[in-house]
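First up is the structure itself, then whatever we jot down about it.
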Amino acid sequence: MERLRRNSIFAVCLLFALAWAGCEPNDPIGAEVSIRDTRPGLGALAEGNKVVTVHYTGMLASNGDVFDTTRQDDREPLSFHLESGLVENDPQARRVIEGFTRGVPGMRVGGLRLVTVPPQLAWGTRGAGCNDPEDPTNCTIPPNATLIFEIELMDVRDPEE
């Protein structure tokens with residue numbers, strides 16, 4: 001739990017990293033997310049250029065370690081534009097990882113989904129949160145890590161013009 005607290009601010013920055021900010025796409029063409037709905041929602045559908053608001057928990061598929069969550073007391077849900085991945089009201093114009101934007105479409109408000117994201121749609125061969133770039137074994141998200149996100153869709157709305 002202490003490790004989660006230490007890394008939560010850093011991990012939030014990771015989730016919203018710009019694609020050009022050190023991420024290697026590793027040829028995302030053909031890469032797919034795996035989706036499993038654990039609770040179907042009954043509300044509005046996440047589609048098109050809607051703005052979605054989600055709670056999420058990100059885990060390493062290799063060992064289940066949590067690297068980030070909005071489920072902490074001091075965290076707000078995340079809102080982003082579904083098509084572009086642009087985080088809403090972010091002065092730095094950050095975007096969520098591509099695997100995250102591929103995993104939310106088709107959900108309905110109230111739904112809970114597990115989304116497995118391959119490295120090509122996350123941080124690729126570089127990993128993220130590495131204290132020493134020369135030592136990839138000391139990273140919050142190791143190189144070539146497959147990630148699992150538990151995502152709860154809280155809201156869907158039209159973007160503000």
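The values are calculated or read from the model by the stated rules, or taken from the named source; none is laboratory data. None of these values were measured; they are calculated from a predicted model. Note that we place each Cβ from the backbone using ideal geometry, even for glycine, and neighbour counts take in every protein chain shown.
Does any residue of segment 98-106 turn out to be surrounded by 18 or more Cβ atoms within 10 Å (Cβ to Cβ) and part of a strand (DSSP E or B)?
The answer is no, given that none of the residues of segment 98-106 is surrounded by 18 or more Cβ atoms within 10 Å (Cβ to Cβ) and part of a strand (DSSP E or B).
Within segment 110-161, can you find the residues that are among the β-branched types (Val, Ile, Thr) and either touching a helix residue (DSSP H, G or I) at 6+ places or on another chain (Cβ under 7 Å) or under 19 Å from MET59 (Cα atoms) (or both)?
Result: VAL115, THR116, VAL117, THR125, THR137, THR140, ILE141, THR146, ILE148, ILE151.
Somewhere in segment 121-133, is a residue of a type outside the set (Gly, Ala, Ser), part of a loop (DSSP other than H, G, I, E, B) and closer than 28 Å to GLY41 by Cβ?
So far as segment 121-133 goes, no, none of its residues is of a type outside the set (Gly, Ala, Ser), part of a loop (DSSP other than H, G, I, E, B) and closer than 28 Å to GLY41 by Cβ.
Condition first: polar (S, T, N, Q) and under 13 Å from the mean Cα position of the chain (by Cα). Can you find one or more residues in segment 89-97 that meet it?
no
For segment 86-97, how many residues meet the condition of being crowded, with 20+ Cβ neighbours inside 10 Å and of a type in the set (Lys, Arg)?
Final tally of qualifying residues: 1.
Please find, among ARG113, ARG102, the residue that is of a type in the set (D, E, K, R) and under 12 Å from the mean Cα position of the chain (by Cα).
ARG102
So that you can scan it fast, the table gives a plain yes or no per residue for (1) in contact with a Lys or Arg (Cβ under 7 Å, 6 or more places away or on another chain); (2) modelled with pLDDT of 90 or more; (3) surrounded by 14 or more Cβ atoms within 10 Å (Cβ to Cβ):
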{"position": "GLY64", "(1), (2), (3)": "no, yes, no"}
{"position": "PRO119", "(1), (2), (3)": "no, yes, yes"}
{"position": "PRO133", "(1), (2), (3)": "no, no, no"}
{"position": "PHE149", "(1), (2), (3)": "no, yes, yes"}
